[in-house]
Amino acid sequence: MAELTSRGSARVAVLKPQVYAWVQDYGVYAAVLVLLLFNVLFTPHFLDASNFRTQLVQVTPVVIVSLGMALVIGTQGIDLSVGSVMALAAALTVLYLGYGWLPAVLVAVIGGAVVGAAGGALVAYVGVQPIVATLALLVGIRGLANVLVPQLVEFRNPGLIALGSSSVAGIPVIVIIAAALTVIVLFVVRRTTFGRQVVAIGGNRSASELSGLPVKRVLLTVYVISGLLAALAGVLATARLQASDPTSLGLFIELSAITAVVVGGTPLTGGRIRVLSTVMGALLMQLLSATLIKHNLPQSWTQMVQAVIILAAVYATRKRGTR
Amino acid sequence: MRRTDLAEQTDEPVLEARGISKRFPGVLALDGVSLALRPGEVHALVGENGAGKSTLIKVFTGVYRPDEGRLLYKGEPASFGTPMEAQRAGISTIYQEVNLVPMMSVARNLLLGREPRGRFGVIDTAAMYEEAERVLAGYGVETDVRRPLRTLGVGAQQMVALARAVSVDARVVIMDEPTSSLEPREVETLFGVIRRLRDSGIAVMYVSHRLDELYAVCDQVTVLRDGRLAHTGPLAELDRLKLISLMLGRDLDEVRSGGMTRFSRDRSSENRQGDGTRTPVVEARGLTRKHVLDGVNVSVEPGEVVGLGGLLGAGRTETAKAIVGALPLDGGQVLVAGMPLRGGSTAAAIKAGVSLLPEDRKAEGIIPTLSVRENIALAALPSLGRAGVVSEAKIDRVVEIFMRRLRIKAASPHQLVSELSGGNQQKVLLARWLAVRPKALLLDEPTRGIDVGAKAEVQALIDELAQEGLGVLLISSDLEELVEGADRILVLREGAVVGELSGDEVTEEKIMATIAEQSDG
Amino acid sequence: EEPQSAPAPTGTAGRQVVQSPTGTAGPTCTLEQFGGTTFDLKTATVGFSQSEKEANPFRIAETKSIKDEAAKLGITHLKVTNAQSQFSKQITDVQQLIAQGVQLLVIAPLNSDGWEPVLQQAAAKKIPIITVDRKINAKPCSDYLTFIGSDFYEQGKRAADRMIEALGGKGKVAILLGAPGNNVTTERTNGFKDRVKEKAPDITIAFEQTGEFAREKGQQVTEQLIQSNPDINGIYAENDEMALGAVTALKGAGKEPGDIKIVSVDGTRSAVQAIADGWLHAVIESNPRFGPLAFETAQKFLDGEPIPDKVIISDRDYDTTNAKDSLGEAY
Amino acid sequence: MNREQVSRLIQQHGAVMVLALLVVVGSLAFDSFATAGNAASVVVSSSFLAIIAIGMTFVIISGGIDLSVGSLFVLGGVLAAYGSQYGLLVALLLPLAVCGVVGLLQGLVIARTGMAPFIVTLAGLLGVRGLMLAISDEGATTYLVEDPAFAALGQGGILGLTWPVYITALLALLAMVLLQRTGFGQNVYAIGGNEQAAALMGVPVARTKVYVYVMSGLLAGLAGALNAARLSSGVTILGIGLELDAIAAVVIGGTLLTGGAGGITGSVAGVLLLGVIQSLINQVGNLTSAFQQVVSGAFLALVVVAQRLLSKAQRLT
Ligand SMILES: Nc1ncnc2c1ncn2[C@@H]1O[C@H](COP(=O)(O)OP(=O)(O)OP(=O)(O)O)[C@@H](O)[C@H]1O
Ligand SMILES: Nc1ncnc2c1ncn2[C@@H]1O[C@H](COP(=O)(O)OP(=O)(O)OP(=O)(O)O)[C@@H](O)[C@H]1O
Ligand SMILES: [Mg+2]
Ligand SMILES: [Mg+2]
């Protein structure tokens, strides 16, 4: 009798951790589903194709930025400069548009990589803590972008406008680009030596050093990638806006990106990177803000609801201690 | 006062486990284990790596909650929610991995939670430093107690942890492998402490893989095997072979034929001894770093095992680190196969074929967020793929080979390395270094925390590798291991080589004598 | 290189005009009443505290106008600070200007309340303060000298009038709000809503979300809006940038000019151009060229003339009737 | 004094040294920089950030981070101004109570669920600002300080400095004693240095964390309240990005973001450094806003690099 009961409870105990483990791994997917369901039921015109296009297009910059952010966070770092890098990219794009849109985009992306390299060098070689190194860049690079382009500039370059507004088979080009970048980053993280080294460094830096990993070079590269991706996001956002706006482009996007990464289950303590969940995290936050806007909630409510949802999502995916 | 009460009723267990089970995902770490700890006894807890010793201790001290079974403390049912509760109740523990705060000063670590107070209940720092110095002097540690703990060697840190645990007013003191990085003199100090504790009626639980120590200090023994209780009773009733056979779960005869250590060094054999004619695989010349190393010369020839001996803090670890470029130097040079090595770069050293198995496996060894598989493959990654893309098949093969060869006990290669038992983590690290096929391997306490069976395997492995032409620098606080394993031994003291023993001179007595000789002079 | 960013024309075009020419509708203030002493503006140190980055047409024109006028008048010691949209920083900026010995302060306040510490210091040293563009909630002629600027509430009302006219008095309207907590947002919203309630009860305000005065945000919010409220008839944007963002969104959604009536406030060149292109219905001007009026007022004050406690400028409207011709005057 | 002590000293006082350097350079370059009025304005305006930075120092040493302080600062101000109609006591206690409770909730969530402080307090940042907007009619209502005694707390003072400066100094002193000379302080260092070890050493980890976040919340609320008294109103557009300033100040002050090391003096020096940088930029008097940002970013980078190299030169990694 007593034995039976204890067996029964043991079985429950075996089942439960599995459920927990599942929620922990896929909680963000579940949250996205729940939010979709809510919208299908309560938001008019939600199922229109154009709506999905809108959401995907709007989330693109955050997705691209958070891919880089995920890599940085994987090394136990953080990159606050991404928003300013977007602004710099917007400025560079419009400055060099005279040479054609492709060269302009190239210059912008290189500019982003250079800023990333500066941050990476401060972190890897000088040993400045990532949050302050990139905070200095956040302030300075936004200023630089504004020095280059003091105010919003509209452009009429057809190539760049097409980049921001055309579609292939009904899917906006910029969404396709974001998807391709996701696949590339996924590949880098899962299948390359570099990807393994990134998480190893985040997991234990001194062990990685003693294991002969090129720690400094990997760190530098990670920040370069983050800068590069942020610049790309800036270019795409600029193309979509049909104007270069270094003043407000990418403001506070670092917080959205970090949230996406963390909601996706990548720990801020490094050593682990979840690429697809990061994208899901970004989608979750986008859907959430769309839902709140569509239901016309005042700003105060919007912010409070966002706070609760972030907490709930991270709570579900948090790492449980064994006891 | 209360202590004397306790001493009178010695046969009542002070701490008791009844039918404890603890499950982790994929492993049943403890399976119905019962054990009783009585006041005034020193109780050995032994078993292979992963047998469940540390888990049992953590159940006792409230780190883990058992899935089944009960704990009794002083005859009453007890369940400690946190280590703090256990400590408050009088159970003091030294955990297997040094668990102190590296950035805090030695004194603050030692006295955390019971700092001497001055006026207004504010901490009296002067008194704190004084007291810390006094306490540590009792354990043979003489150091500036204001420095951050991390600047001490692992051995010294272990002594601080020990001093901390013992100086708390405790009924039960639990020690999980306290001697794994202590050398003989410190071990003697520790034994003195344990005997003192026992005589004052305190129950001591003692975990170690070093059998000599068990026989030197323990009264009772409990053997765990695969999470189950294999034996419990007075230690004197068991001889070493019987004990080992209980631990391993093998026949007495089988164990007997295996011998005690697996080193089969034949020091007279010409081809293996360093005769100074061949180019050393690795040679360090005049390694110097202020206050730490003072012109150390070391050379290891292919197929040679060179031992590094010395007291705690003699600079063995620092020598090894300096050789692989993990320690900035003020002077000196390292040559690999006659070619000078670029200083300050571990990567360059590894590329040239020199690797270091670090002493501090938690801080410098494992990557806790990664699986066993990724940990093993880490250093060899560049060679396990093409054009920067890893080959999963190649990794699988390498991982499989080493997990089998080193008998790494894990639920699967994909288990997180941080979930393995201490000894198995050590084996994972060994595997990491063997996977890069080095020409010279610097092993800093390679068998630290490894069980008797596995230790013999590792030792046999070192032998085998040396025979294949690998040069090995062996650092061990276990003199027996050093003597049996090394062809030649360099004795360090205060960062300088003070003696070299080879051939017949390689004995424990000689090493001790060399150290002592120098300290007198 | 883009035509839209050509420098604003100089000269008198677009110069601010005082609404009530006499300016004596309310109480006035003289140097004597204020209790200060006169000084020569040319040799004096003058401080100008700008609130937001010079990164949008309004702020650029505003700072430029002050600097240009000072240069024109031969004022060599002009000290300019910028609070980068941080109110605490603006307070500190002005205090440091005072510490640097300015004799006249021109302030474009980020916020109407919270000027206590500055006012005290300035009053102690009898430094006259002219606030431009936004008001300070304090006593004119003692805490500060006077205010020159537009009436934001009035702007909201006039925007409502244009919206009512465009929609023929009924329909569904969305508001793109400015940054939350901002006085400008509050007043432009209240003016608009009050007027709609009063004049056109058949117009419902179906949607109001912040676009934070930024083009991209205006675009994003509008994209969500037209997706979930396809029956919307008009959009009131509380500045031109958000209105232009809305235009981009409408273009992207395949709408034609005029499908949805957009009314906004500011009068930047791009917005006036958008009227000419048919995308915007009307723009209520908010004129940022405070330089001439500010220094003129200061000079009068120093000369002992009475100064009105507020100088409200008369803002114009842009619509299809005048947009093309007024392009040169827009900033 | 041995090597480690020297390098520790330099690491802890790197910010003070850089600060001194900057002040000297500033005084030589600008006549109006080293005046009493200017110094007072830097010190007075820095005092509010300093109060927040003191709380942040505890949080960061404990291995956490608190992003909610900017929002708590503005909420504290609004509540204080609102409360001032009921007198001085309410004006002070209302913001302290509410901000303390927010800190308590954040602390409990962090300590009990093991969620990352960054994300919990990020939610706090959003939620608290939402709350502030909700009680101020989406930011449109600015409550004015009614109680003259409360206003005097923010505006009055002696020797050319206002009371908040003296309150800050007192708090800094108390915080130093708390951190260095009490068991609580030791526990904060211990859990930041190695949380697991601290737990095994018997440190009440959860409780310590909760206290730390409560403290940070209280101090942010207090800073907001004092600021409201100074401005005589509960301005609703404050505090955006303030958390980053506070973090920057603390880190520049030599506190490790990974926890376990740092101190109050450094943080206060860090706050003053930020203030002096701004003041120097104002002295130039004619930089465009964009250039101002470039300069302050460059300054910030320079300062952290200098501070880093100073400690690195001593081989302290
Ligand atoms: N947190 C954990 N999660 C999952 N499995 C664990 C965890 N901790 C321990 N285990 C597993 O439980 C078993 C017992 O481990 P334990 O650490 O108790 O061994 P041990 O006897 O102390 O070994 P050693 O001598 O190597 O220290 C091992 O198989 C180990 O992998
Ligand atoms: N007992 C001690 N007392 C004071 N300082 C010590 C002690 N033990 C180690 N140290 C310090 O730790 C530093 C590192 O020693 P190191 O680890 O190189 O020595 P080791 O011979 O490898 O000893 P261990 O057995 O601890 O590994 C030394 O510079 C020494 O100053
Ligand atoms: Mg163990
Ligand atoms: Mg050692």
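The values are calculated or read from the model by the stated rules, or taken from the named source; none is laboratory data. Note that the structure is predicted; figures quoted are calculated from it, not measured. Counting neighbours? That spans all protein chains shown, and the Cβs are built from the backbone with ideal geometry, glycine included.
Given the structure, is A:Ser256 without any contact (Cβ under 8 Å) to a residue 24 or more places away in the chain and in a helix (DSSP H, G or I)?
no
Table: residues versus (1) polar (S, T, N, Q); (2) modelled with pLDDT of 85 or more; (3) assigned to a loop (DSSP other than H, G, I, E, B).
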{"site": "D:Asn282", "(1), (2), (3)": "yes, no, no"}
{"site": "D:Ala290", "(1), (2), (3)": "no, no, no"}
{"site": "D:Leu300", "(1), (2), (3)": "no, no, no"}
{"site": "D:Gln307", "(1), (2), (3)": "yes, no, no"}
{"site": "D:Leu316", "(1), (2), (3)": "no, no, yes"}
Collect the residues in the stretch A:284-300 that are in a helix (DSSP H, G or I) and either more than 7 Å from every other protein chain (Cβ to nearest Cβ) or of a type in the set (Lys, Arg) (or both), keeping them in residue-number order. A:Leu284, A:Met285, A:Gln286, A:Leu287, A:Leu288, A:Ser289, A:Thr291, A:Leu292, A:Lys294
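For (1) touching a residue at least 40 places away in the same chain (Cβ under 8 Å); (2) in contact with a Gly (Cβ under 9 Å, 6 or more places away or on another chain), each residue gets a yes or a no:
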residue: B:Tyr95; (1), (2): yes, no
residue: B:Val101; (1), (2): yes, yes
residue: B:Met104; (1), (2): yes, yes
residue: B:Arg108; (1), (2): no, no
residue: B:Tyr139; (1), (2): yes, no
residue: B:Val145; (1), (2): yes, no
residue: B:Ala156; (1), (2): yes, yes
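Would you mind stating whether D:Ile65 is within 23 Å of D:Pro204 (Cβ to Cβ), surrounded by 19 or more Cβ atoms within 10 Å (Cβ to Cβ), hydrophobic (A, V, I, L, M, F, W, C) and in contact with a helix residue (DSSP H, G or I) (Cβ under 7 Å, 6 or more places away or on another chain)?
yes
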Entirely in the stretch B:1-115, the helices (runs of 4 or more DSSP H) that have 2 or more residues that are under 26 Å from the mean Cα position of the chain (by Cα) and within 16 Å of ligand 2 (Cβ to nearest atom): B:106-111
Give the residues of the stretch C:184-205 that are among the aliphatic types (A, V, I, L, M) and closer than 21 Å to C:Ser51 by Cα, sorted by residue number. C:Val184
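Out of the residues in the stretch B:151-185 that are β-branched (Val, Ile, Thr) and closer than 20 Å to B:Glu85 by Cβ, state the one that is nearest to ligand 3 (Cβ to nearest atom).
Looking only at the stretch B:151-185, we keep the residues that are β-branched (Val, Ile, Thr), and these are B:151, B:154, B:160, B:166, B:168, B:172-174, B:179.
Filter again for closer than 20 Å to B:Glu85 by Cβ, leaving B:166, B:168, B:172-174.
Working: B:Val166: 20, B:Val168: 22, B:Val172: 18, B:Val173: 17, B:Ile174: 12 Å.
The qualifying residue nearest to ligand 3 (Cβ to nearest atom) is B:Ile174.
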How do the strands (runs of 3 or more DSSP E) wholly within the stretch C:135-242 filter down when requiring 3 or more residues that are more than 30 Å from A:Met86 (Cβ to Cβ), out of contact with any Gly (no Cβ under 9 Å at 6 or more places or on another chain) and more than 11 Å from every other protein chain (Cβ to nearest Cβ): which remain? C:146-149
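This table checks each residue for (1) over 17 Å from B:Leu370 (Cβ atoms); (2) within 16 Å of ligand 4 (Cβ to nearest atom); (3) under 28 Å from the mean Cα position of the chain (by Cα).
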position	(1), (2), (3)
B:Arg386	yes, no, no
B:Ser391	yes, no, no
B:Val398	no, no, yes
B:Phe402	no, no, yes
B:Leu406	yes, no, yes
B:Ala411	no, no, yes
B:His414	no, no, yes
B:Lys427	no, no, yes
For B:Leu443, work out the one condition from (1) within 14 Å of chain A (Cβ to nearest Cβ); (2) away from ligand 2 (no atom under 16 Å from the Cβ); (3) crowded, with 24+ Cβ neighbours inside 10 Å; (4) closer than 30 Å to B:Thr288 by Cβ it doesn't fulfil. (2)
Quick one: would you say C:Ser142 is farther than 20 Å from C:Asn190 by Cβ and touching a residue at least 60 places away in the same chain (Cβ under 8 Å)? yes
When you scan the stretch A:45-56, how many residues do you find that are touching a Ser or Thr at 6+ places or on another chain (Cβ under 9 Å) and surrounded by 15 or more Cβ atoms within 10 Å (Cβ to Cβ)? 3
Can we say C:Tyr318 is at pLDDT 85 or above, among the aromatic types (Phe, Trp, Tyr) and under 30 Å from C:Leu244 (Cα atoms)? yes
Taking the conditions exactly as written (in a helix (DSSP H, G or I) and over 16 Å from A:Val65 (Cβ atoms)), does A:Ala91 satisfy them or not? yes
Complete set of residues in the stretch B:419-429 that are outside any loop (DSSP other than H, G, I, E, B) and near ligand 1 (Cβ under 7 Å from one of its atoms): B:Glu419, B:Gly422, B:Gly423, B:Asn424
Kindly establish whether B:Ala51 is within 13 Å of ligand 3 (Cβ to nearest atom) and farther than 22 Å from B:Ala363 by Cβ. yes
Which of the residues spanning the stretch B:507-521 are within 25 Å of B:Val292 (Cα to Cα) and not in a helix (DSSP H, G or I)? B:Gly521
Selected residue [within 14 Å of chain D (Cβ to nearest Cβ), closer than 30 Å to B:Lys394 by Cβ and in a helix (DSSP H, G or I)] from A:Gly202, A:Gly119: A:Gly202
Say we look at the stretch B:74-93 and pick out the residues that are touching a residue at least 60 places away in the same chain (Cβ under 8 Å) and under 27 Å from B:His209 (Cα atoms); which of these is surrounded by the fewest Cβ atoms within 10 Å (Cβ to Cβ)? B:Gly90
Considering only the stretch D:269-280, I want to know if a residue exists there that is out of contact with any Gly (no Cβ under 7 Å at 6 or more places or on another chain), away from chain C (no Cβ under 14 Å) and in contact (Cβ under 8 Å) with a residue 24 or more places away in the chain. yes
Could you tell me which numbered condition C:Lys42 fails, if it satisfies all but one of (1) assigned to a helix (DSSP H, G or I); (2) surrounded by fewer than 23 Cβ atoms within 10 Å (Cβ to Cβ)? (1)
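Conditions (1) more than 16 Å from ligand 2 (Cβ to nearest atom); (2) basic (Lys, Arg), marked per residue:
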site: B:Pro178; (1), (2): no, no
site: B:Phe191; (1), (2): yes, no
site: B:Arg196; (1), (2): yes, yes
site: B:Val204; (1), (2): yes, no
site: B:Ser208; (1), (2): yes, no
site: B:Tyr215; (1), (2): yes, no
site: B:Arg228; (1), (2): yes, yes
site: B:His231; (1), (2): yes, no
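Step by step: first the residues of the stretch B:354-408, then only those that are β-branched (Val, Ile, Thr) and not in a helix (DSSP H, G or I), then the one that is surrounded by the fewest Cβ atoms within 10 Å (Cβ to Cβ). Which residue is that?
For the stretch B:354-408, the residue satisfying everything is B:Val389.
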Can you name every residue in the stretch B:477-493 that is within 14 Å of ligand 2 (Cβ to nearest atom) and in contact with a strand residue (DSSP E or B) (Cβ under 7 Å, 6 or more places away or on another chain)? B:Leu482, B:Ile489, B:Leu490, B:Val491, B:Leu492, B:Arg493
Are any residues in the stretch D:83-120 at the interface with chain A (Cβ under 10 Å from one of its Cβ atoms) and among the β-branched types (Val, Ile, Thr), and if so, which ones? D:Val109, D:Thr113, D:Ile119, D:Val120
For the stretch C:257-311, give me each residue that is among the hydroxyl-bearing types (Ser, Thr, Tyr) and in a helix (DSSP H, G or I). C:Ser270, C:Thr297
